[in-house]
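Below is one structure, written out as structure tokens, with a few remarks after it.
The values are calculated or read from the model by the stated rules, or taken from the named source; none is laboratory data. In this text, all values refer to a predicted model and were calculated from it rather than measured experimentally. All Cβ positions, glycine included, derive from the backbone under ideal geometry; neighbour counts span all protein chains shown.
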Amino acid sequence: MSFSQEIKDALCALGVKNKCCKAALALGMIYSRSDFENHIYKFSTDSEKCASLFSHTLRSLFGKEPTYEEYEKQNRAKEEVTCRRAVFDSELTNKLAERFPTGELNDIFSCSMCQASFARGIFLSNGSVNDPENSYHLELSVCDEGKAENIMKLLSSEGIQLKRTTRRGVGALYTKNSETIEDILTYIGASLYSIRIMDIKIVREIRNNENRKSNCDAANIYKSTGAAANVIRQISRLISDGKIEALDLPLKTTARLRVENPEMSLSELASIHEPPITKSGLFHRLAKITAYAQKCYDSNGDNR
């Protein structure tokens, strides 16, 4: 499974409680390719889970869901994959036209979480991100210039800057900046994958640091930095078992803030400490907490 698909599967499993956020998610999933003025709505995906989420969301909003046509195409790895194209009957088309008459974003966002739900929908239907082990690259396919501009403005309001390009005649928004990718993934609900990218980046930086011992291999690097992707789960278990009290105050503070603010990027999390700490300092604290958790549970032969 590709890194992109792994993230999309995780996003599809997230719950969306508010009806307005469900509408924002649905709009995001059809936004890039649909013609709202002429009431022509398009959605296609090579992910069964994305198709299922789209159907479930429309059924929740309108009491109806689309049917799907299957077709074959090559993915970015030049592999043949089965895709599903949504087919909307006249009743569902009318309901979509009534709910999204112009496709204007300001008309659909009702609460503070709607924008993030919309951005999640954009990524699910039109996004991709490279495996950070190989390179940093996130891309959103958006053909219409006006829609691309709207998406860029929305993300810019959250401090996220993307660039525009055209590739094989198809417009796209993209970034090759690892911190921007981390911020986007955190914003749309994939914070654990943001942490994973950070973990991989730390490993790469340590490998390239001439002051490190030349025989410090990847296994030792991972051991020293900790399993960052599991840090929230580890902290929650320490709190549940009462073992968190053995840590010093700075580490307990970081642990509490991490659990209380799972949606925050690591930069944001570092900034809300009193006084604020650096991102590097935050990494070191999380690594110490994770190492402590592993010590607690490994000693009992149980680190699950």
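A few points about this structure:
- Condition check for residue 59: in contact with a Ser or Thr (Cβ under 7 Å, 6 or more places away or on another chain) and either modelled with pLDDT under 95 or more than 17 Å from residue 127 (Cα to Cα) (or both): no
- Checking residue 96 against (1) under 26 Å from residue 24 (Cβ atoms); (2) out of contact with any Ser or Thr (no Cβ under 9 Å at 6 or more places or on another chain), the condition it does not meet: (2)
- Flag for residue 14 being assigned by TED's automatic domain parsing to the domain that holds residue 155, in a helix (DSSP H, G or I) and surrounded by 13 or more Cβ atoms within 10 Å (Cβ to Cβ): no
- So residue 286, is it in contact with a Phe, Trp or Tyr (Cβ under 9 Å, 6 or more places away or on another chain), assigned to a helix (DSSP H, G or I) and surrounded by 12 or more Cβ atoms within 10 Å (Cβ to Cβ): no
- Residue 72, sole failed condition from (1) in contact with an Asp or Glu (Cβ under 8 Å, 6 or more places away or on another chain); (2) touching a residue at least 12 places away in the same chain (Cβ under 8 Å); (3) not in a loop (DSSP other than H, G, I, E, B): (2)
- Test for residue 148: is it more than 20 Å from residue 104 (Cβ to Cβ) and free of Cβ contacts under 8 Å to residues at least 60 places away in the same chain: no
- With respect to the conditions (1) crowded, with 23+ Cβ neighbours inside 10 Å; (2) within 15 Å of residue 3 (Cα to Cα), residue 142 lacks only one, and its number is (2).
- Residues within the stretch 31-47 that are part of a strand (DSSP E or B), over 19 Å from residue 81 (Cα atoms) and not β-branched (Val, Ile, Thr), tallied: 1
- Near pairs, Cβ below 9 angstrom, 6+ apart or cross-chain, from the stretch 239-267 (touching a residue at least 24 places away in the same chain (Cβ under 8 Å)) to any residue that is part of a helix (DSSP H, G or I) and of a type in the set (Asp, Glu): 265/179; 265/182; 265/183; 266/182; 267/179; 267/182; 267/183
- Scanning the stretch 1-44 for residues that are within 21 Å of residue 181 (Cβ to Cβ) and among the β-branched types (Val, Ile, Thr) yields one hit, 7.
- Taking the criterion of being within 27 Å of residue 199 (Cβ to Cβ), of a type in the set (A, V, I, L, M) and either outside any helix (DSSP H, G or I) or under 13 Å from the mean Cα position of the chain (by Cα) (or both), the residues of the stretch 123-160 that qualify are 124, 129, 138, 140, 160.
- Listed by first and then second residue, the pairs linking a residue in the stretch 30-56 that is under 15 Å from residue 73 (Cβ atoms) to a residue that is surrounded by fewer than 16 Cβ atoms within 10 Å (Cβ to Cβ) and among the basic types (Lys, Arg), with Cβ atoms under 6 Å apart and 6 or more places separating them unless they lie on different chains, are 33/42; 44/85.
- Any chance residue 70 is among the charged types (D, E, K, R) and either over 25 Å from residue 138 (Cα atoms) or surrounded by 14 or more Cβ atoms within 10 Å (Cβ to Cβ) (or both): yes
- Residues in the stretch 73-109 that are within 14 Å of residue 42 (Cα to Cα) and among the acidic types (Asp, Glu): 89 only.
- Here is the figure for the stretch 161-194: residues that are closer than 23 Å to residue 133 by Cα, part of a strand (DSSP E or B) and touching a Phe, Trp or Tyr at 6+ places or on another chain (Cβ under 7 Å) total 1.
- Any hit, the stretch 135-150, residues being at pLDDT 95 or above and among the aromatic types (Phe, Trp, Tyr): no
- Residues that are more than 23 Å from the chain's Cα centre (by Cα) and at pLDDT 50 or above were ranked within the stretch 214-241; the one that is surrounded by the most Cβ atoms within 10 Å (Cβ to Cβ) is 238.
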